Every structure is written in structure tokens, then in C-alpha cells.
Amino acid sequence: MNVAVVGAQWGDEGKGKVVDHYGARADFIARFQGGNNAGHTLVVGGKKTVLHLIPSGILHPGKICLIGNGVVFDPAAFFEEIEILEQSGVFRGKPAHEFVRVSERAHVILPYHRLLDKLREEKAGHGKIGTTVRGIGPCYEDKVARRGILVGDLLRPSVLRQKVEHALEEKNVLLKHHFGAEAVDAVATAAEAQRLGERLKPFIADVRAILYEAKGRRRPVLFEGAQGTLLDVDHGTYPYVTSSNCVAGQVMPGCGVGATAYDHVVGITKAYTTRVGTGPFPTEIETTEPELAQRIRKVGAEFGATTGRPRRIGWLDGVALKYASELNGLTGLALMKADVLSGLDFVKVCTAYRLGGNTHYGFPSAMEDFDRLEPTYEVLPGWPELPRGMSSVSDLPDEFRQFIKFIEDFVKVPVVLVSTGPGREETLELADPFTSSVALRSGL
Ligand code: GDP
């Protein structure tokens, strides 16, 4: 069985922990979109590791982590992570390239992508998207505009130089005349990229072929999504989105695999909602319940893993979760961070939106609608402190079980995993997507 995991909200759902959990069962863990704008926080044995680019499965010894062609790849950021992992002994003295491979077809983020990202955000002022300024958007733009640099190009010096010169032709006009910045030197940029390419050589591979072979040999694969469904460039809250498709279907073009590449899709959601940066957020409570928002942010440590920005806080949005489920074809839900809400008298779940005197059960596509809509809530009893180590559903307080049941009935997808803390041991698995060949059942 192969499994894809995706964020079912606006990111930061706790994908790092879930990928780490399922990673133990997979031989290969593959990323299929995004770049080092992702930030997965893993806590293993009390030690915190934040990964941005390398799949979170890397902390399990012996797993092969793959970076698919759909990822935009920053070689400098990659080597920073490799060094951190080397220092913490993850590779057990073996060469890192035995465990990590990057597709020759992934697009490369170069310094000019980062520069443009930063200048654009600065110039946009209040209208900014709130990107991580790591060059992700500009790199995807170049990919679609057919002036991108492939990882494989880093090994072909003359092609590389030509392509960098071509990519910079227009950009230098923009940099000088639109942003009032210095032009970027193509020769120096290409030389630096070539140097990184030489170092990268042992990591470069045909990731598609590796996955094709793995499928033939029935070796389990975990596909790891980054960001979250509501940030998907097509289906999210456009234009306040990321620049890639984050839905599970992106596994296929993003890794070069067929439509049968995975058997299950687990969507990750917190028991509440957060959002970083600008954009619509129907269930936000920053102004309506500011003290509660502060409390949740503090208890849940809701500050960006990549940028350190405080995350905006809101109640669980059932309408958005259902939309995410439909978009991804979710077969299971992983419910995270319910411990953060422990001790509240009640919790709320948004079940519809009121808009212009009507009730809507769907997720709007027009930005103007988000400004006017009002969430309608179901109010459910809060739960006491949750146990850290759990062996069955009966270890959970009744009120929390009622919450789980409500979500399952509303979204029509079973909760297959419950997390009550950042550590590996604070996890209750209700069904295993790697072994369930039929629709997953939570047993609640
Ligand atoms: P990701 O990008 O989706 O991996 O999410 P982040 O790593 O940015 O945010 C998740 C944060 O919540 C991390 O600091 C995790 O250690 C932490 N975390 C994950 N699951 C739980 C949980 O069930 N309870 C609590 N309190 N923290 C959790």
C-alpha cells in the first residue's frame, strides 16, 4: 500500500509529525511540490528538528527520501539541511546521498529568485501575499515561462550559463528599472550554481524511475505534501495561495508516477484552524475572541516554523475541511493538537456560512464573498486534559470522542490518527492506511 499525506487546512497542521509517524512503514518518502517554504517540525526523543526541504521521513534510519520534479529546489538550503542532519548523526556516518535523492527535472531556485521575491513583497507593502521570500514563486514562474534551470542543468556548464543569461535578460531590466536595484551578473551566478551542482552530483537521480521500480517491487511509498490544500494555487484562496498545487493529485505530475501511485490519502487537520500571512479566514477569532486566540497561540506554539511569524487563530472550519476532503479524495483524517483546546468549556466547529441572507454549505471562490460571510457554528462540549500515552479510543474523554464523531459524520471521512502532543508517543492510531485495503474505519 502507498499513502499520500496532505495538509487539509492552510498549512502548519502538523504534517511533520504525521510523515514521521507513517515514515517508519515506508521504504521511500517522496515530496512532490513546494520548496523550502515548507517547515516541518519534528520532535523525537525531546529533540526538535525543523526541516524545510528534505522529507520528514529522513529521521528514520535507512529510509530513502526523494525530492520529486514538482519541487522547486534551492541547493544552498538543501546543503544547510544535509549538514544539520549529518551533525546530528542521522546518516550514521554513511554518505548522505545514500538516503536522499533529488530529481534531475526539479527546478532550481537561484539567488535572483530570492531577490525578486523579497523586492516584490517589499514593494507591495500592505498588499503583499506574505510569502516566505525564499524565491519559490519566482522559480515556479520561470518554470511555466520555460526559462527555468533544471537540477540536471547544474551538471552541464555551457547549457547552464546560456540558460542563466537568458533568464536574467528580462529580470535585469525589471531589477534596474522597476525596483531600482542592481543588475545580477549572469556569469558569476552560473559559476556559483555550477559549483553547487558539482557538490550535488551524487544526489541527482531519476526519481520517477526509482518510484516506478519501487511500485513494481511493491515497496511501500509515502508521498509527503507541503503547505495545505487551501493554499493550492488552483483551489485555494487565490491569490492568497502558494505557487504550486498542494492537493494529493499533484503526486502524479510532481513525481512522474501514474494515477494508481497511492492507495490512501490522509488529510491532516488541527482541532482548530491557523493561517499565516494575509488572506481570507472565515473562522478567525483574533478580533471576536482575542483572549482565546492568544491562549491557543501560546499553548499551541503557533508561530511559523519557517518565518517565526505569529499564526492567526480560529475555530475548526468544517466547510473548508469538507472542501479539502473532496479536493484530495481523502480516505482518512489525522486530527492534531486537540490537547491545545483541553480545558475549554466548549469548542466550535463551523458547519455553514451565512452570506447575503442565505446559508452556504460550499467554500466560496470569490474573494469578495469572504469579506461578507459569517460562519455558522455547532457548539460542542469542551474536553479535559488528554492522556499522553493512549492505547485505545476508550482512553479518550467522552467529550473528545464526541468531537471526533462529529467531524467524521460531517466530513464523511474517518479519523485514522489522533495526536495529543508533539512527541512520537503522544499518538493514537485508529486505522493503518498502509495495511487497510478497504475504506478506512476508525472504530468509533
Ligand atoms: P507542519 O508544517 O504541518 O509540519 O506543521 P508545523 O511543524 O509547522 O507545526 C506543527 C507544530 O505542532 C510542531 O511544532 C509540532 O511539534 C507540533 N505538534 C504536532 N502535533 C501536535 C499535537 O498533537 N499537539 C501539540 N501540542 N503539538 C503538536
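The values are calculated or read from the model by the stated rules, or taken from the named source; none is laboratory data. These numbers come from a predicted model, not from an experiment. For neighbour counting, all protein chains shown are included, and Cβ atoms are generated from backbone atoms with ideal geometry for every residue, glycine included. The area values use the complete protein model at the heavy-atom level, side chains included, leaving out ligands, DNA and RNA. Shrake-Rupley method; radii C 1.70, N 1.55, O 1.52, S 1.80 Å.
Being of a type in the set (A, V, I, L, M), within 20 Å of Gln33 (Cα to Cα) and surrounded by fewer than 18 Cβ atoms within 10 Å (Cβ to Cβ) is the filter here, so list the residues in segment 130-161 that pass it. Listed by number, the residues that qualify are Val144, Ala145.
Where strands (runs of 3 or more DSSP E) fall entirely within segment 1-83, those with at least 2 residues that are within 15 Å of the ligand (Cβ to nearest atom) and not acidic (Asp, Glu) are at 3-7, 28-31, 40-44, 47-51. Pairing each residue of segment 232-260 that is assigned by TED's automatic domain parsing to the domain that holds Ile67 with any residue that is of a type in the set (Asp, Glu), provided the two are 6+ apart or on different chains, yields C-beta distances under 7 Å for Val241/Asp232; Asn245/Asp232; Asn245/Asp234; Cys246/Asp232; Val247/Asp232. Taking the conditions (1) open to solvent by 40 Å² or more (accessible area, probe 1.4 Å); (2) assigned by TED's automatic domain parsing to the domain that holds Leu175; (3) of a type outside the set (Ser, Thr, Tyr) in turn, His113 satisfies each one other than (1). The conditions of being among the aliphatic types (A, V, I, L, M), assigned to a loop (DSSP other than H, G, I, E, B) and farther than 17 Å from Cys65 by Cβ are not met by Ala188.
Here Leu344 meets the list (1) within 16 Å of the ligand (Cβ to nearest atom); (2) under 23 Å from the mean Cα position of the chain (by Cα) almost entirely, failing just condition (2).
Within segment 231-282, the set of residues being more than 25 Å from Cys65 (Cβ to Cβ), open to solvent by 10 Å² or more (accessible area, probe 1.4 Å) and more than 13 Å from the chain's Cα centre (by Cα) comprises Asp234, His235, Gly236, Tyr238, Pro239, Tyr240, Gly277, Thr278, Gly279, Pro280, Phe281, Pro282.
For segment 257-274, a residue qualifies if it is of a type in the set (D, E, K, R), away from the ligand (no atom under 13 Å from the Cβ) and outside any loop (DSSP other than H, G, I, E, B), but none of them does. Only residues that are farther than 10 Å from Phe73 by Cβ, open to solvent by less than 10 Å² (accessible area, probe 1.4 Å) and modelled with pLDDT of 95 or more were counted across segment 91-110, and they come to 3. With respect to the conditions (1) under 19 Å from Val413 (Cβ atoms); (2) touching a helix residue (DSSP H, G or I) at 6+ places or on another chain (Cβ under 9 Å); (3) not β-branched (Val, Ile, Thr), His264 lacks only one, and its number is (2). If you check Gly254, Gly236 for being of a type outside the set (S, T, N, Q) and either assigned to a helix (DSSP H, G or I) or modelled with pLDDT under 95 (or both), only one passes: Gly254. Being among the polar types (S, T, N, Q) and in a helix (DSSP H, G or I) is true of Asn172. Only one entry of Arg441, Arg388 meets the criterion of being modelled with pLDDT under 95, in a loop (DSSP other than H, G, I, E, B) and within 15 Å of the ligand (Cβ to nearest atom), and that entry is Arg388. Going through (1) open to solvent by 20 Å² or more (accessible area, probe 1.4 Å); (2) acidic (Asp, Glu); (3) within 16 Å of the ligand (Cβ to nearest atom) one by one, Glu302 falls short only on (1).
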